[in-house]
Amino acid sequence: MAKNNVIAALDIGTKKVTTLIAQINEDNSFSIIGKGVAENNKGLIAGDVVDVQATAAAIRDSVSEAEKISSKRIKSVFVAISGEGIRSINNHGVIQVRGQEVEKTDVDRVIEQAKIITMPDDSDIINVEIGKYTVDGKAGIVNPIGMACRKLEVDVLIVTMPKTMCRNLYKAVEDAGFIVSGGVVSAIASSWAVLENDERDLGVAMVDIGDGVADIAIYYNGDPLYVAVMPMGGKFITDDISKVMKIPPVEAEKIKCKYGDARPDFVDETEEFKTVIIGTNAPTTKKAKQLAKVITPRIEEILVEVKKKLMDSRKESFIQSNVVLTGGTAKLKNIQCIAEDTLEQTVRIGIPKIDDPGSGFQDVLSSPAFSTAVGIIRHFTVRKQLEIVKRDGVLAKLADIIKNFFE
């Protein structure tokens, strides 16, 4: 199979950088063939790059690990974009069709028209998610090309971000030695990994709580309706544990992952764990119930803020199925219970869907922590830049975007 049918996804998080390398199969499914994870504790704060060189170093380490496993040499990557400055705008485009039928040029024109918005000079459009078309008043059209039409309309979701934030993120990738082939908002990427089509159609909210931020997306009628980023995540919980229980931050993170519980009333009074005291590394024993009592208030605070975002401009009225919770913090024990109580919605934990469970990475990639990275691949293979078709039994790549992907 041609080497240009392989792509790499880069999820640059506050705690870690994840790289996935995927082989695109003949049926447009994909198989994970490489994975790399590197710590990035100093490079980002709340999704924003604060140290370009530290982030670049973490990117190099992450990609290098994935390259070794996959035996591929990477030149360019698809990147997830997040940060507190992200905003989303719903807009509508309308044009008169010049011919008797809708052509590709008409579709391009109406999308360009829909992208005309007023926004601050210091912001850039980073994603335009295309919704349904309306042909001469008939709504809900997925592909209008070839249809008889006089007036063509389209709904879009435009996502913007401060220019400096996006530039710093891309500069870190470039300083690491890679080309950015494309970017997708983290909330959209995670949605592609964990949401079902029926949920998108009926109305669903996806909440990806990572280490530094929570990425939120609402879908309705199959299309994204709203995207937001909240500067709160699992690091806040870890910091609380460290301060209240006087445990070193690194140890607090391990304790949270191993013994943490979002429901203190579910924890046995006698359950204990061994740890060390901050500053001295002297051994000590702590109660698991005490740990849960530290965790719960912060989880509730994060979820209350999520609820406020979901209620923004009455967006919660579009949620008719579930709230899907994913991201590394979604691994916390009993978080689903407290989320349902706080959000007053049915909640399920979203696990990334892998096309090829036999690829050897299923145990790791079935974790909610990998939703964004898996979603990047699915987004760009199924919906975006890559268009792969069968022709005489051979894969033919129609897009030029990854022609320089490998050395």
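Please treat every number below as a calculation from the coordinates, not as lab data. These numbers come from a predicted model, not from an experiment. Note that each Cβ is placed from the backbone with ideal geometry, even for glycine, and that neighbours are counted across all protein chains shown.
Within region 183-212, residues that are polar (S, T, N, Q) have Cβ atoms under 6 Å from residues that are assigned to a helix (DSSP H, G or I) and buried (at least 24 other Cβ atoms within 10 Å of the Cβ) in these pairs: S186/T372; S190/S371; S190/T372; S190/G375, counting only partners at least 6 apart in sequence or on another chain. The residues on offer are I295, I247, I277, and the sole one that is under 27 Å from the mean Cα position of the chain (by Cα), surrounded by 14 or more Cβ atoms within 10 Å (Cβ to Cβ) and of a type in the set (V, I, T) is I295. With respect to the conditions (1) closer than 15 Å to G328 by Cα; (2) free of Cβ contacts under 8 Å to residues at least 40 places away in the same chain; (3) in contact with a helix residue (DSSP H, G or I) (Cβ under 7 Å, 6 or more places away or on another chain), K254 falls short on a single one, namely (3). Cβ-Cβ distances below 8 Å connect the following pairs, each with a first residue in region 14-26 that is among the basic types (K, R), a second residue that is part of a strand (DSSP E or B), and a separation of six or more residues or different chains: K15/E39; K16/V37; K16/A38; K16/E39. The residue list V213, V180 contains one member that is touching a strand residue (DSSP E or B) at 6+ places or on another chain (Cβ under 8 Å) and buried (at least 22 other Cβ atoms within 10 Å of the Cβ), which is V213.
Of the residues making up region 164-176, those that are out of contact with any helix residue (DSSP H, G or I) (no Cβ under 7 Å at 6 or more places or on another chain) and of a type outside the set (S, T, N, Q) number 6.
Test I141 against the stated conditions and say whether it is surrounded by 12 or more Cβ atoms within 10 Å (Cβ to Cβ), under 24 Å from A80 (Cα atoms), hydrophobic (A, V, I, L, M, F, W, C) and out of contact with any Pro (no Cβ under 6 Å at 6 or more places or on another chain). Here the answer is no, as I141 does not meet what is asked.
Report, by residue number, each residue of region 114-138 that is of a type in the set (D, E) and either out of contact with any helix residue (DSSP H, G or I) (no Cβ under 7 Å at 6 or more places or on another chain) or surrounded by 13 or more Cβ atoms within 10 Å (Cβ to Cβ) (or both). D121, D124, E129, D136, listed by residue number. Residues in region 4-47 that are assigned to a strand (DSSP E or B) and of a type in the set (D, E, K, R): D11, K16, K35, E39.
Among the residues of region 132-140, is there at least one that is in contact (Cβ under 8 Å) with a residue 60 or more places away in the chain and under 27 Å from I377 (Cβ atoms)? Yes, region 132-140 has at least one match. Hey, among I111, I81, which residue is surrounded by fewer than 20 Cβ atoms within 10 Å (Cβ to Cβ), touching a residue at least 24 places away in the same chain (Cβ under 8 Å) and of a type in the set (A, V, I, L, M)? None of the other options fit; the residue is I111. Residue-level check: of (1) at positive phi; (2) of a type in the set (G, A, S); (3) out of contact with any strand residue (DSSP E or B) (no Cβ under 6 Å at 6 or more places or on another chain), G43 misses just (1).
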